[in-house]
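Asker: Dropping the structure in here first, questions after.
The values are calculated or read from the model by the stated rules, or taken from the named source; none is laboratory data. Here the structure is a predicted model, which means the values were calculated and not measured. In this analysis, Cβ positions are derived from the backbone assuming ideal geometry, glycine residues included, and neighbour counts consider all displayed protein chains.
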C-alpha cells in the first residue's frame, strides 16, 4: 500500500476555496483541473506553504496536523516550479543547484567538489547539460530539467508544477515526463496545475476536478469521461455586454489591405518563413519550439534582423535595422501572462488604459476633454463606475478587458497576442476571445502566437506554421 504524504479533507482558505478534498501519494502524479485560475493559485499557495488553511482536516505522512504545522511542513517538503519563474537567469546551472538554502546539502557540497558532484548527478539521469552554462542560454526544456534535478537534490518530497507545458513541444514534454518517471522511482510525487487545453491527461495517476471552490470528483484517467469534462470546461459564459459593443464609437483606422507580411524570412532558428496578416483579420501562428518563438518575437519587436528575407508593415520594409521596442504605433503586444506583465496595480483603471494613448497625444494628461473622450469610448466595455477603481479590486475578467482596451483605443496596425489562453481560466478565456474579436472589428490585424494547436483552434482565422 502506498504511503499517503498529504491528505486534505473538507478544507478551505476562508476566501475562494470552500471544500477541498485531495490526497498525494508517494511516487504518484496528481493532476488538478480548475475552472477558475484564482482558485488554482489559492491551492498552490496553500500546498507550497505560502498560505495557511483556514479550516478542514489536514494529515501529513498519515498523521493529523494543525493548519500552522501543515504550513511549515509543506514549505519544507514541497517545491513549486512554474513556467514564468524556474531558475535564476544570470547564474550558471551549477550555481542554481548549489545555491539552494539547504545547509546540510551545502555542507556536503562544500566538502566535495561541487561541480563533479553535479556532473555525477546529471549522469545518473542521463542529462547532458554543461554545469557551467548560464541559465539564460538554456532552452526552456533544459531549464525544466535542471529545476527538477534541483528539487531532487533538495530532497523535496512533492513538486508542484504550474503551467509547465506552455513552452514545451510534444517531444520535449515526453522528455520531461521520462525524467519525472525516474524521479517517481526515487519516491518523489508530483502535482500538475494546467489549463484544460494544455492538460497532459495521459501522464496522470489521478485527476481532480475542482469547480466553484469544491472538489467535484477524483478519477483515474481510464475512468474519466473526457466528453463530460470538456463540456464543463468549454461551457460558454460570454460577457453579453461585449457582444453589443459597436465600433462606431471608435474610428476604424484601415481595412482590407495587408498589415504585416513575412517574406521568406530566415534566421539561425527560422527557415524561409512566409505569411501575411490583413487589417481586420485574426491569424494564428504555430511555432515548433521555444527558440523559433524567441526569434519571431525578437523580429517583431525590432530586437533582431533577418539573416535573409524581408518583413513589411504597410508595404514598408521593417526590421532592416534592429530597433528596441519595435515600431511605436505600428505593432502592439499582449504579452504572456499580461495581468502580471502589462498592468500597473498602483494606478487606476482609467490611468492604465490611457497610458498607451499618452505616447500618441502630447500632454494628454492635462487635456480633460481628451480623458472624457476615452471614458466615453470604453465605458460600455468596462463600465464607468470601474474607471476610478484600483486594479486590485478587479476580477481576472475585468483585468483582461483593461489590457485589451489599451490597444483598442490606441489602434496600432497589428496586435501580437502571445499565448493569450495559456494561463487563464474558462471565464477569462471567453472574455479574451471576445476582446480579440473587437480588435479585429476595429480594423486591427491580430496575430495569435502559440505552440499549442488546441489553443489556436479556440479562435477562427487563417493559420500558419513555422
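Asker: Among the residues of segment 187-202, count how many are modelled with pLDDT under 90 and under 16 Å from the mean Cα position of the chain (by Cα).
Answerer: 7
Asker: Mind checking which strands (runs of 3 or more DSSP E) fall wholly inside segment 203-284 and carry at least 1 residues that are closer than 26 Å to residue 447 by Cα and at pLDDT 80 or above?
Answerer: 258-266, 273-278
Asker: Evaluate the following for residue 119: is it without any contact (Cβ under 8 Å) to a residue 12 or more places away in the chain and out of contact with any strand residue (DSSP E or B) (no Cβ under 6 Å at 6 or more places or on another chain)?
Answerer: Details: without any contact (Cβ under 8 Å) to a residue 12 or more places away in the chain: no; out of contact with any strand residue (DSSP E or B) (no Cβ under 6 Å at 6 or more places or on another chain): yes.
Answer is no for this residue.
Asker: If you go through segment 202-215, how many residues are closer than 13 Å to residue 17 by Cβ, touching a strand residue (DSSP E or B) at 6+ places or on another chain (Cβ under 7 Å) and surrounded by fewer than 19 Cβ atoms within 10 Å (Cβ to Cβ)?
Answerer: Adding up the residues that qualify gives 1.
Asker: Report yes if some residue within segment 436-448 is on the phi < 0 side of the Ramachandran plot, at pLDDT below 90 and under 20 Å from the mean Cα position of the chain (by Cα); otherwise report no.
Answerer: The answer is no; no qualifying residue exists.
Asker: Related question: Has segment 169-186 got at least one residue that is assigned to a loop (DSSP other than H, G, I, E, B), assigned by TED's automatic domain parsing to the domain that holds residue 73, farther than 15 Å from residue 451 by Cα and more than 21 Å from the chain's Cα centre (by Cα)?
Answerer: Checked segment 169-186: at least one residue is assigned to a loop (DSSP other than H, G, I, E, B), assigned by TED's automatic domain parsing to the domain that holds residue 73, farther than 15 Å from residue 451 by Cα and more than 21 Å from the chain's Cα centre (by Cα).
Asker: Next question, about the same structure. Looking at (1) surrounded by fewer than 19 Cβ atoms within 10 Å (Cβ to Cβ); (2) in contact with a strand residue (DSSP E or B) (Cβ under 8 Å, 6 or more places away or on another chain); (3) assigned to a helix (DSSP H, G or I), which is the one condition that is false for residue 148?
Answerer: Unmet for residue 148, out of (1) surrounded by fewer than 19 Cβ atoms within 10 Å (Cβ to Cβ); (2) in contact with a strand residue (DSSP E or B) (Cβ under 8 Å, 6 or more places away or on another chain); (3) assigned to a helix (DSSP H, G or I): (1).
Asker: Residue under question is residue 321, and the condition is that it be at pLDDT 90 or above and over 23 Å from the mean Cα position of the chain (by Cα); does it hold?
Answerer: Taking the combined requirement at face value, the residue does not satisfy it.
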